[in-house]
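Questions regarding the structure given below will be posed in turn.
The values are calculated or read from the model by the stated rules, or taken from the named source; none is laboratory data. This one's a predicted model, so the numbers in the text were calculated from it and none came from an experiment. With ideal geometry, Cβ positions are generated from the backbone for all residues, glycine too; neighbour counts draw on all protein chains shown. These accessible areas exclude ligands, DNA and RNA; they are computed on the full protein's heavy atoms, side chains included. Shrake-Rupley method; radii C 1.70, N 1.55, O 1.52, S 1.80 Å.
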Amino acid sequence: MYFIKEEFSQTYEEKKSKFIAYLTPYSLFDSLMKRLRKEHPKARHFVYAYRYLNEFEQIVENSSDDGEPKGTSGKPALNVLAGNELINSAVIIVRYFGGTKLGTGGLVRAYSDAVNLVINSAELLKYEKLQTVIIEVDYSTLSKVEYLINSLNIIVSNKEFTSKVKLHLQISDEQLNNLKTELPREVEIKL
């Protein structure tokens, strides 16, 4: 499975109709939709599809044809996301009608091609299940440990400052193994 960290967009044209596909992290879906409706007031359709993992590690997905004939736009867009194993991602396709009707097959192809185009231009990152790990660090070694954490691309979700510093990490198994070998001995890891 894969995900993206930033927004990407590509434009696909078919018989003078424009399909502008925006691929975004799912967490930014609502704000992107609001922004696009303001930026494209004359667009005919705002078709979308998204897939994300819920707290039980189940894939939740949804799509909308937004006025296009049923099953010709949202579902094909969702199928392309699923076919590329994308999660925690959403795609919004802004359509400007070019005056020529494409028919149901033409719409399915155009929306699918637009989504494939934006996915092919995006930087896809491999998804790994993360676990929460807490490490306690003395203030004297904090900067060294933070440098190590940054170099291993580990996410720090929280810091607690008491007699020691507690760092809450979101970490993959591979990152945890690398961290264990690199950390100073006095640093304690709590799983």
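Find the all-direction average of the projected area of the Cα convex hull for the range 55-162, expressing the result in square nanometres with one decimal place.
Mean projected area of the Cα convex hull: 10.3 nm².
Turning to a different aspect of this structure: Could you name the lysines whose alpha carbon sits less than 19 Å from that of residue 70, not counting residues in the same chain fewer than 8 places away?
Filter leaves 101.
In whole percent, what relative contact order does the range 1-110 give with Cα contacts below 8 Å and a gap of six or more residues?
The normalised contact order for the range 1-110 reaches 38 percent.
Lys/Arg Cβ at +1, Asp/Glu Cβ at -1, dipole of the chain taken about the Cα centre: which of 62, 1, 154 is farthest positive-ward?
Farthest towards the positive pole: 62.
Further question on the same structure: Take the chain, connect every pair of alpha-carbon atoms lying under 10 Å apart with a spring to form a Gaussian network, then pick out the residue of 178, 79, 116 with the largest mean-square fluctuation.
For the chain, modelled as a Gaussian network with Cα springs under 10 Å, the answer is 178.
HN-Hα J couplings of the range 174-189 from phi, Karplus 6.51/-1.76/1.60, θ = phi - 60°, integer Hz, Gly and Pro as x?
So the Karplus estimates, Gly and Pro as x, are 5, 5, 4, 4, 5, 5, 4, 6, 9, 5, x, 4, 6, 8, 9, 9 Hz.
Taking amide H positions as placed 1.01 Å from N in the peptide plane, with prolines and chain starts having none, which residues 5 or more places from residue 45, or on another chain, fall under 5 Å of its amide H?
Residues meeting the amide H criterion: 95.
From the helices alone, meaning DSSP H stretches of at least four residues, give me the mean residue ellipticity at 222 nm for the chain, per-run term -39500 (n - 2.57), in deg cm²/dmol to the nearest 500.
-10000 deg cm²/dmol
At 1.4 Å probe size, put 185, 37, 51 in order of accessible surface, largest to smallest.
Listed by decreasing accessible area, they come as 185, 37, 51.
Okay, next question. For the range 151-191, what relative contact order do you get, as a whole percent, if you take Cα pairs closer than 8 Å and at least 6 residues apart?
For the range 151-191, the relative contact order is 32 percent.
A further question follows. Determine which lysines satisfy two conditions relative to residue 164: a Cα distance under 24 Å, and not lying fewer than 8 residues away in the same chain.
Hits, sequence-local ones excluded: 144, 180, 190.
Hey, another quick one. Work the Kirkwood hydrodynamic radius out for the range 139-191: mean of 1/r over every pair of different alpha-carbon atoms, inverted, in Å.
Hydrodynamic radius (Kirkwood, Cα only) of the range 139-191 equals 11.5 Å.
Search the structure for amide H atoms under 5 Å from the amide H of residue 7, placed 1.01 Å from N in the peptide plane, and list their residues when 5 or more places away or on another chain.
Correct list: empty.
Turning to a different aspect of this structure: Tell me, what HN-Hα J-couplings in whole Hz come from the Karplus equation 6.51 cos²θ - 1.76 cosθ + 1.60 at θ = phi - 60° for each residue of the range 79-89, using x for Gly and Pro?
4, 5, 4, 5, x, 8, 6, 7, 10, 6, 9
³J(HN,Hα) across the range 23-37 via Karplus (A = 6.51, B = -1.76, C = 1.60, θ = phi - 60°), whole Hz, x for Gly/Pro?
9, 9, x, 4, 4, 9, 4, 4, 5, 5, 4, 4, 4, 5, 5
Could you tell me what percent of the accessible area of the range 84-191 is made up of carbon and sulfur, with a 1.4 Å probe and every protein chain present?
So the carbon and sulfur contribution to the accessible surface is 47 percent.
Using Cα pairs closer than 8 Å and at least 6 residues apart in sequence, work out the relative contact order for the range 61-191, in percent.
Over the range 61-191, the number comes to 22 percent.
Farthest toward the dipole's positive end in the range 1-93, which of 73, 90, 49, given Cβ charges of +1 (Lys, Arg) and -1 (Asp, Glu) about the Cα centre?
Projecting each Cα onto the dipole axis, the largest value belongs to 73.
A further question on this structure: Can you tell me what percent of all Cα-Cα pairs in the chain are more than 25 Å apart?
In whole percent, the share of Cα-Cα pairs in the chain beyond 25 Å is 48.
Can you list which of the GluC sites (Glu not before Pro) found in the range 26-78 are DSSP loop residues with at most 13 other C-beta atoms within 10 Å?
55, 57
Now a separate question. Compute the Rg/Rh shape ratio of the range 1-71: radius of gyration over Kirkwood radius, all on alpha-carbon atoms.
Across the range 1-71, the Cα-based Rg/Rh ratio is 0.99.
What order do 2, 111, 147, 127 take when sorted by accessible area (1.4 Å probe), most exposed first?
These residues rank, largest area first, as 147, 2, 127, 111.
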